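Remarks on the structure that follows.
The values are calculated or read from the model by the stated rules, or taken from the named source; none is laboratory data. Bear in mind the structure is a predicted one, so any value in this text is a computation, not a measurement. For neighbour counting, all protein chains shown are included, and Cβ atoms are generated from backbone atoms with ideal geometry for every residue, glycine included.
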Amino acid sequence: MSKHRPTWIEINLDNVAHNVRKIKERVGEQVCLMATVKGDGYGHGSYEVASVALKNGAEKLAVAMVDEGVMLRRKGIKAPILILGVSPLEAVENIVEYDLMQAVCSIELAEAISKESVKQGKRMKVNIKVDSGMNRIGVRPAEVVSFTKQVRDLPHLEIEGVFTHFATSYYEKDFVEKQYQAFKEALASLEEAGLDIPYRHCSNSGAVVNFPHTYLDQVRPGSMLTSPVKAQFPDLQMDLRYCFCWKTKVAFLHDMKKGESLGYNLVYTADSDRRIAVLPVGWGDGLPADLSNQGEVLISGERCPIRGRICMDQTMVDVTEIKEINVGDEVVLLGSQKDQEISHLEWTTILGGYNNHIVVRCLVTNRVPRIFIYQGKEAGKRVPLRPEMNKEIVF
Ligand SMILES: Cc1ncc(COP(=O)(O)O)c(C=O)c1O
């Protein structure tokens with residue numbers, strides 16, 4: 001953490017290693033593991049998660065956009081990196097320069113990569129993206145053969161993979177089966193046309209847990225690298241761990257009299273004399289404002305309710321029931337302390353809507369330093385506001 005503001009996230013890379021090994025065990029030796037580390041590794045540090053994944057069974061990586069791939073290359077990652085999203089034509093120079101493998105579903109992008117590959121004297125791999133029913137990006141199964149032929153005929157390009165993405169794999173079976181069927185038909189038509197593509201893939205985390213028959217040649221999980229995914233069927237349950245613990249320290253203590261209110265808009269009024277701890281963290285750090293007057297934190301292993309509105313940089317909690325408390329005491333916002341836990345599920349139940357555990361972790365902003373625990377000890381540190389305090393892990 002920065003010594004100037006004691007709010008930080010501990011990322012447990014040993015748990016990432018555990019999760020990756022469990023995934024590899026689940027999918028088996030024959031299936032290639034492509035670790036999806038977009039969105040800064042779902043808020044856990046994409047370089048760190050990628051490095052640990054590659055040491056524990058992953059062979060390839062996937063990211064959402066060119067700059068995420070460029071960053072990994074600049075840090076020395078050599079493994080194949082697939083860009084899952086559509087890249088603008090302006091990015092093609094970097095795609096080729098940094099040896100990134102682009103997903104293609106428009107001939108303009110494929111042609112631009114081909115042209116740039118010729119210019120830079122390189123051969124580039126691409127993956128064909130098929131839209132099997134999610135209606136996001138991809139070529140329609142009916143067009144996959146003609147599109148693939150067009151790409152195949154472009155100079156300096158090699159079609160390394162063909163893939164699709166499921167819309168409902170975490171919670172619903174029928175639509176997954178419908179998409180899988182559509183994808184399989186697209187694959188069969190490619191085969192019939194003599195288009196042999198080495199890696200066929202569609203399984204994200206939900207499918208790795210729930211639908212083992214969809215693994216094909218490669219799986220592409222993201223969220224399960226750093227958190228449990230609940231299986232729909234009991235016999236498919238996996239032993240996966242959270243890797244993310246958000247902490248801060250008590251900054252200030254004061255007493256409130258019965259009948260007094262606190263914070264913006266005075267949304268909490270004390271019904272008896274209360275002791276309040278102020279924490280140096282708020283929605284400007286990504287602490288969800290909807291936890292105001294609803295969520296709890298852990299101090300000395302006890303649950304303390306959040307009182308009033310969470311502010312941009314500060315949060316008030318009720319510590320009346322804690323026997324001994326001091327400025328500087330450690331507080332857990334999300335994670336475990338002693339035998340208590342504030343779980344991701346607890347937050348997402350309060351928050352509702354689309355605020356699932358993945359969203360919550362990605363919302364933590366750059367103000368919050370990450371401390372990386374690796375091989376049982378603090379091994380690295382990322383402090384975006386004070387880069388001179390960064391410490392790279394030697395993997
Ligand atoms: C195309 C694609 N593949 C793989 C993933 C990884 O998904 P998950 O985090 O559900 O494993 C994503 C994430 O949204 C994605 O968009």
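Among the residues of the range 228-242, those identified as within 15 Å of the ligand (Cβ to nearest atom) and closer than 9 Å to N15 by Cα are L240, Y242.
Of the strands (runs of 3 or more DSSP E) lying entirely inside the range 301-353, the ones with 2 or more residues being buried (at least 19 other Cβ atoms within 10 Å of the Cβ) are found at 302-307, 315-318, 330-337. Filtered by the rule that a residue be surrounded by fewer than 22 Cβ atoms within 10 Å (Cβ to Cβ), on the phi < 0 side of the Ramachandran plot and away from the ligand (no atom under 12 Å from the Cβ), the range 48-65 gives L54, K55, N56, E59. The set of residues in the range 159-174 that are more than 13 Å from the ligand (Cβ to nearest atom) and crowded, with 16+ Cβ neighbours inside 10 Å comprises I159, E160.
Test Q150 against the stated conditions and say whether it is within 15 Å of the ligand (Cβ to nearest atom) and either in contact (Cβ under 8 Å) with a residue 12 or more places away in the chain or surrounded by 14 or more Cβ atoms within 10 Å (Cβ to Cβ) (or both). No.
Could you tell me whether any residue of the range 181-189 is basic (K, R), buried (at least 22 other Cβ atoms within 10 Å of the Cβ), at pLDDT 95 or above and in the same structural domain as M34 (by TED's automatic domain parsing)? No, because not a single residue in the range 181-189 is basic (K, R), buried (at least 22 other Cβ atoms within 10 Å of the Cβ), at pLDDT 95 or above and in the same structural domain as M34 (by TED's automatic domain parsing). The set of residues in the range 201-227 being charged (D, E, K, R) and crowded, with 20+ Cβ neighbours inside 10 Å consists of R220 alone.
Figure legend. Inter-residue proximity from the range 74-91: first residues within 16 Å of A35 (Cβ to Cβ), second residues away from the ligand (no atom under 16 Å from the Cβ) and part of a loop (DSSP other than H, G, I, E, B), beta-carbon distance below 8 Å, spacing 6+ or different chains. Indicated pairs: I81/D99.
Within the range 23-45, the set of residues being assigned to a helix (DSSP H, G or I) and away from the ligand (no atom under 14 Å from the Cβ) comprises K24, E25.
Contact annotation: residue pairs with Cβ atoms under 7 Å, 6 or more positions apart or on different chains, pairing a residue in the range 110-125 that is hydroxyl-bearing (S, T, Y) with a partner that is in a helix (DSSP H, G or I), are S117/V96.
Looking at K258, K247, can you tell me which residue is over 23 Å from V31 (Cβ atoms) and surrounded by 18 or more Cβ atoms within 10 Å (Cβ to Cβ)? Testing whether each residue is over 23 Å from V31 (Cβ atoms) and surrounded by 18 or more Cβ atoms within 10 Å (Cβ to Cβ) leaves just K247.
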